[in-house]
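Here you go, one structure.
The values are calculated or read from the model by the stated rules, or taken from the named source; none is laboratory data. Being a predicted model, the structure only gives us computed values, none of them experimental. Don't worry about glycine lacking a Cβ; one is built from the backbone with ideal geometry, like all the others, and counts go over all protein chains shown.
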Amino acid sequence: QILIDKLDQFIRKYYKNRMIRGLMYGTSLLLVFFLAVTIPEYFGEFGTAGRTVLFWSFALAAGYIVVRFFAIPAFKLLRFGKIISHDQAARIIGKHFTDVEDKLLNTLQLKEMADDQGSSLVEAAIVQRIDELKPIPFTSAVDFGENRKYLKYVLPPLAVILVLLVAAPDVLSESTERLVRHTENIEKLAPYSITILNDDLSVAENKDFTLGVQLAGDVIPQKLYLVRDGQQFRMKKEPGSYIHTFRNVQKDTEFQLYGDGFYSEKFTLETLPTPLLLNFALSLDFPAYTGLKDEVIKNSGDITVPVGSKALWQFETRNTSTFEVEFADTTLNLSQTDGDRFQLSKTLMRNDEYSIKIQNEFISGEDAIEYQIRIIPDNYPLIAVSEEKDTLSNKHLYFTGDVKDDYGFKRLTFNYFKVNDDGSNAGDPVAIDLDIARQNVQQQFYYHWDLAEMGIQPGEQYSYYFEVWDNDGVHGAKAARTQVKTFNAPSIEELQEERDQQNDDIKDRMEDAIKEAQKIQKDLDELRKDLLQKEEMSWQERKKIEDLLKRQRELQKNVENIQNKNEQKNSKQEEIAPQNEELLKKQQMLDQLMEQVMSEEMKQMMDELERLMEELDMDEIQEQIEQMDMSTEDMEKELDRVLEQFKQLEFEQKMEEAVEELEKLAEEQEKLAEESKDKEADPEELKEKQDELNEKFEEWEKEMEDIEKLNEDLESPNPMPENEEESKEIKEDMKESSEQLEKQKKSKASESQQSAADEMKKMAKKMEMMQQQQSAEKMEEDMEALRALLENIITLSFDQELLMEQLKNTDGKDPLYVTHGQTQRKLKDDSKMVEDSLFALSKRIIQLQGPVNKEISMVRENMGNALDHLGERQTPQVTKHQQYVMTSFNNLALLLDEALKQMQQESSCKKPGTGNCEKPGGMGAKPSMSEMKKMQEALSKQLEQMKKEGKNEGKNNARDSKMSKELAKMAAKQAAIRQQVEKLSEKLNEDGSGSGNELKKIAKKMEEMEKDMVNKQINQETLKRQEDLLVRLLKAENAERQREMEEKRQSTEATDSPVSNPMKYSEYQKKKEQEIELLKTVPPSLKPYYRDKVNEYFNKLGR
């Protein structure tokens, strides 16, 4: 085995030696082949085909050499493949060692024999020979040093290569490079070198790239071109270089440089992907309370939004790996959501700026894109309120307010609280919610504060303000309020003083109106006389008429102002103290008299006169001026009458207040007397109270002096109570009580105080009883005078009727005609006495209606006309005017009779125990349509019956006389019905609804019927008119029944009607309706800026 191991060692060394020798041979051959292909290539600069042949020839030869000389020995060393056997190794060793020769081979052969035969003799021989061969080193048979002789093959080509590397390295390097790039077309080397000045041949996508080139060498071309995509581009020559700009590079670009017939190697301009923001969408979610629709803005980052809006940015990019959004206080790196998509959400609460930066692994972010966020803050709401006081009542305040906000409102309230005398609040404010359109950003509101409903007392104070909240859904509702104002209810003394000033003002105005009416009447008389003497009207007369019309209209306005002033004064009277029923009824009657001062007829006359002036009809103008003269005289009388009644009512009111004030003083004095009995009471405090009562009593005495002066101003002064003795005793008792309190004698002071209180009560009772007694006596006197006057009027009516019948049967040439004229003149003189008595009586009796003086004026006018026609012996015209006189007398009789009945009713109510006051009648009662219809039906039947009798009986004097009396009575009945219809019409029109207008038309029809009856023109047309009247009355009756049913359906607990100004309420309603219509026109979807502009425009229109 030892021998075998030694042989294996030899074999391994043997193949190592073969490898070394192959290395020598292979290296030498490879170097030779390398030189054989590179040197010809360098000098030959073969084309692609030649270089390819040389390249692959060298590659195959090199491969063969490597396999033959390196690979095969290496594999055999590793015992791969067929290697030499032990016998072959023994022969090689035997040849090397002479002592061994065939011994080693024989030993191996014997070993084989021993293995086959197993002979001990052979084994012994083998052992002997192994021992002989054991000392011999078999591996020495292979000598590595012998390979040095093969260096002669390696060194020459290696030396050539080294020389070339030192002397001409380009021969090997360039040719080698050309062979390696055998597939490329390699141009010939230029006689100059090219240096790229750019650090890097790369450019961002879609960007420009400027190539810089520098040439060096002995021969430099004058022109240098850049070749790409088969096209040549001349490069721009700069000092020391050439440049060319690639525009909007979108992909990798291969190019060469060309100059003087030489091409450079190929270069590649690499395109780097640029991060791009392709587009983005900004979704804005506005707070719900703003009412704005959500928006999506594309590719625009500058926004102006309400505070609290939510913004969602969605970015679409390309070649982007990093997306950075930088706000003023933070920087956010967005993460990709889907491919190249990024998104960001944020709630916007303040003004901000933000920038966007994008980048990738190749290119960092360029300049950031900057945007701005502008926040529209939700400002506090604005409120402005103006107020107006009711002209008729201090307790009615009207407010007109404007509220404005960015997006709408949550609540609007009116708040008030009572203020104590020391200025502190009496309690928490009371809040009243007002209606408001919550989505309208600018609107008006109206509020009427009725303090009367609160039961506010004179002298009390209330503070008030308005408060509005916006609908801010981000920070919570914000409130704004108006300035706190204070309402000071006037004290009783202030109200009385104001009332007295108003009374004085009304009286002064009425006196001025009376004087002006007298002047107008005088000027009308003079103008009428001037026109009688002229056939045509000159410019001067025309001017006078125009001036008179102007003055008449001004007088009319003044009278209307007096009525308004009186209405205001009456409304405030209730704030002082509720009036008793009698004074209240007189006040209502006086109001009606004032309303009747300026009649519609006067207005129609003025309009008619203006029309006649244009037509220049002298006769009609004179007639119209005469009628205006009479109407002005009537108005003057009515104003005089109203003034006197006004003074009388003022006197009665003040007397009633004086009695009440005295009773109040008595109660306070009696209460103080009880306090003085208290032993623990402070005398000084009691004395202060007593001194205060002493001053009040002195003021009361001054008031009584003023009342006495007021009484003296009346045409018929009222008897005044004699209170000097009682007042003297009261003052002495009060003075004594003060002195006793000063001396600390409370008991004696209490006795004096009680005595003064008792005296006050007695004096107040005395004054009250005297006032009632005087009122009753005055009414009895007035009723007696009224009865006498009524009898005189009836007598005159019958006398006039008798004269009229006598005149009809008298021929115009009969001497009796003169006698009839004298009788008519006597009747006129008698009627003048009646007129004077009636006018004087109308100043005292307020129950007499306004038309009484008008009717008596009509009597005077028609009697005068009758006398004029009597002189001309014009019987028909005389009869006509006499019939008018009878109609006026009948109307007067009805008016006086009605007034008398009303006075009797009032008188019975005042008498104790009568109990007959349920139906006061007269002007205070509302006439029934059903009763009036029945009366008209009876009158219609009577008229129809009279017409039938007239046909059957034919004509005779007795019958005519009887018919005249019956027609006169029927005319009087018709006038009575007409007056009731007119009253009902006025009653229904008091609320301004116009529901009484139809009754006015019925009254006009009735007036036409009266004229027919007076003129004895009873025909078929008259009967048809009666039937039409009945139909109209039936409709009016049904309408009245319907109103009563509605009133029953709508009836509630009885309350006092609030006194207010209807005109102010009407304006309030109109403004409210106008605002509602205005708000409907404002589009709610407008953006805040434009919505504010629209509201501003409509508010200007509203002003």
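Give me the pairs: first residue in region 678-693 and assigned by TED's automatic domain parsing to the domain that holds Lys743, second residue small (Gly, Ala, Ser), beta-carbon distance under 7 Å, and six or more apart or on different chains, which are they?
Leu686/Ser676; Lys687/Ser738; Gln690/Ser737; Gln690/Ser738; Asp691/Ser738
Can I ask one more? Read through the list (1) farther than 23 Å from Asp218 by Cβ; (2) in contact with a strand residue (DSSP E or B) (Cβ under 8 Å, 6 or more places away or on another chain), then give the number of the only condition that Ala190 fails.
(1)
Inspect all residues belonging to region 333-342 and state whether any of them is under 19 Å from Arg374 (Cα atoms) and either touching a residue at least 60 places away in the same chain (Cβ under 8 Å) or under 44 Å from the mean Cα position of the chain (by Cα) (or both).
No, region 333-342 contains no residue that is under 19 Å from Arg374 (Cα atoms) and either touching a residue at least 60 places away in the same chain (Cβ under 8 Å) or under 44 Å from the mean Cα position of the chain (by Cα) (or both).
Of all residues in region 251-270 being of a type in the set (S, T, N, Q) and modelled with pLDDT of 90 or more, which is nearest to Ala190 (Cα to Cα)?
If we take residues in region 251-270 being of a type in the set (S, T, N, Q) and modelled with pLDDT of 90 or more, then Gln256 is nearest to Ala190 (Cα to Cα).
Can you pull out every residue in region 427-441 that is touching a strand residue (DSSP E or B) at 6+ places or on another chain (Cβ under 7 Å) and within 14 Å of Val468 (Cβ to Cβ)?
Ala431, Ile432, Asp433, Leu434, Ile436, Ala437, Arg438, Val441
Mind checking which residues of region 871-904 are in a helix (DSSP H, G or I), over 21 Å from Leu838 (Cβ atoms) and free of Cβ contacts under 8 Å to residues at least 60 places away in the same chain?
Scanning region 871-904 gives Gly871, Pro876, Gln877.
Can you name the residue in region 302-329 that is in a loop (DSSP other than H, G, I, E, B) and modelled with pLDDT under 90 and is also surrounded by the most Cβ atoms within 10 Å (Cβ to Cβ) among such residues?
In this case the residue turns out to be Thr320.
Restrict the check to region 363-376 and report whether at least one residue is within 30 Å of Asp229 (Cα to Cα), in contact (Cβ under 8 Å) with a residue 24 or more places away in the chain and either not assigned by TED's automatic domain parsing to the domain that holds Asp472 or not in a strand (DSSP E or B) (or both).
Checked against the condition, which is being within 30 Å of Asp229 (Cα to Cα), in contact (Cβ under 8 Å) with a residue 24 or more places away in the chain and either not assigned by TED's automatic domain parsing to the domain that holds Asp472 or not in a strand (DSSP E or B) (or both), region 363-376 yields at least one hit.
Here is a further query. Are any residues in region 345-386 more than 27 Å from Val474 (Cβ to Cβ), surrounded by fewer than 16 Cβ atoms within 10 Å (Cβ to Cβ) and among the charged types (D, E, K, R), and if so, which ones?
Hits for region 345-386 are Glu361, Glu366, Asp367.
Search region 387-433 for residues being in contact (Cβ under 8 Å) with a residue 60 or more places away in the chain and aliphatic (A, V, I, L, M), and hand back the single one that is surrounded by the most Cβ atoms within 10 Å (Cβ to Cβ).
Among those residues, the one meeting the criterion is Val403.
Also, quick follow-up: Consider only pairs whose beta carbons are under 7 Å apart and that are at least six residues apart or on different chains; among these, list those whose first residue lies in region 814-826 and is without any contact (Cβ under 8 Å) to a residue 40 or more places away in the chain and whose second residue is part of a loop (DSSP other than H, G, I, E, B).
What qualifies is Leu816/Thr810.
If you don't mind, another one. Write out, first by first residue and then by second, each pair whose Cβ atoms fall under 7 Å of each other, whose residues are 6+ apart or on separate chains, and whose first residue, in region 177-206, is within 23 Å of Ile243 (Cα to Cα) and part of a loop (DSSP other than H, G, I, E, B) while the second is of a type in the set (Phe, Trp, Tyr) and at pLDDT 90 or above.
That search, which allows pairs on different chains as well, returns Leu201/Phe267.
Hey, could you check region 738-775 for residues that are out of contact with any Lys or Arg (no Cβ under 8 Å at 6 or more places or on another chain), of a type in the set (S, T, N, Q) and within 20 Å of Glu695 (Cα to Cα) and say which is surrounded by the most Cβ atoms within 10 Å (Cβ to Cβ)?
Gln753
Looking at region 207-216 only, could you name the residues that are without any contact (Cβ under 8 Å) to a residue 60 or more places away in the chain and touching a Phe, Trp or Tyr at 6+ places or on another chain (Cβ under 6 Å)?
The answer is Val213, Leu215.
Do we have any residue at all in region 445-460 that's more than 30 Å from Glu567 (Cα to Cα) and surrounded by 14 or more Cβ atoms within 10 Å (Cβ to Cβ)?
No - not one qualifying residue is present in region 445-460.
Note down all Cβ pairs under 6 Å where the first residue falls in region 151-162 and is farther than 13 Å from Ala36 by Cβ, the second is among the small types (Gly, Ala, Ser) and surrounded by 13 or more Cβ atoms within 10 Å (Cβ to Cβ), and they're at least six residues apart or on different chains.
Between residues of region 151-162 that are farther than 13 Å from Ala36 by Cβ and residues that are among the small types (Gly, Ala, Ser) and surrounded by 13 or more Cβ atoms within 10 Å (Cβ to Cβ), the close pairs are Tyr153/Ser28; Val154/Ser28.
Still on this structure: Name the residues in region 408-426 that are among the aliphatic types (A, V, I, L, M) and more than 12 Å from Asp470 (Cα to Cα), would you?
Those that are among the aliphatic types (A, V, I, L, M) and more than 12 Å from Asp470 (Cα to Cα): Val419, Ala426.
Does any residue of region 362-372 turn out to be of a type in the set (S, T, N, Q) and at pLDDT below 90?
yes
Out of (1) assigned to a helix (DSSP H, G or I); (2) more than 26 Å from Asp782 (Cβ to Cβ); (3) out of contact with any Phe, Trp or Tyr (no Cβ under 8 Å at 6 or more places or on another chain), the odd one out for Asp814 is which?
(1)
Report yes if some residue within region 305-321 is closer than 14 Å to Leu282 by Cα and touching a helix residue (DSSP H, G or I) at 6+ places or on another chain (Cβ under 9 Å); otherwise report no.
There is at least one residue in region 305-321 that is closer than 14 Å to Leu282 by Cα and touching a helix residue (DSSP H, G or I) at 6+ places or on another chain (Cβ under 9 Å).
Only residues that are touching a strand residue (DSSP E or B) at 6+ places or on another chain (Cβ under 7 Å), of a type in the set (D, E, K, R) and crowded, with 16+ Cβ neighbours inside 10 Å: list them for region 463-509, please.
Listed by number, the residues that qualify are Glu467, Asp470, Lys478.
A follow-up question, please. Residues that are touching a residue at least 40 places away in the same chain (Cβ under 8 Å) and over 30 Å from Ala513 (Cβ atoms): does region 642-656 have at least one?
Looking through region 642-656, none of the residues is touching a residue at least 40 places away in the same chain (Cβ under 8 Å) and over 30 Å from Ala513 (Cβ atoms).
Still on this structure: Being free of Cβ contacts under 8 Å to residues at least 40 places away in the same chain and among the acidic types (Asp, Glu) is the filter here, so list the residues in region 759-769 that pass it.
Matches in region 759-769: Glu759 only.
Which ones in region 776-809 are free of Cβ contacts under 8 Å to residues at least 12 places away in the same chain and either surrounded by 15 or more Cβ atoms within 10 Å (Cβ to Cβ) or farther than 29 Å from Glu661 by Cα (or both)?
Selection gives Glu781, Glu784, Ala788, Glu791, Thr795, Phe798, Leu802.
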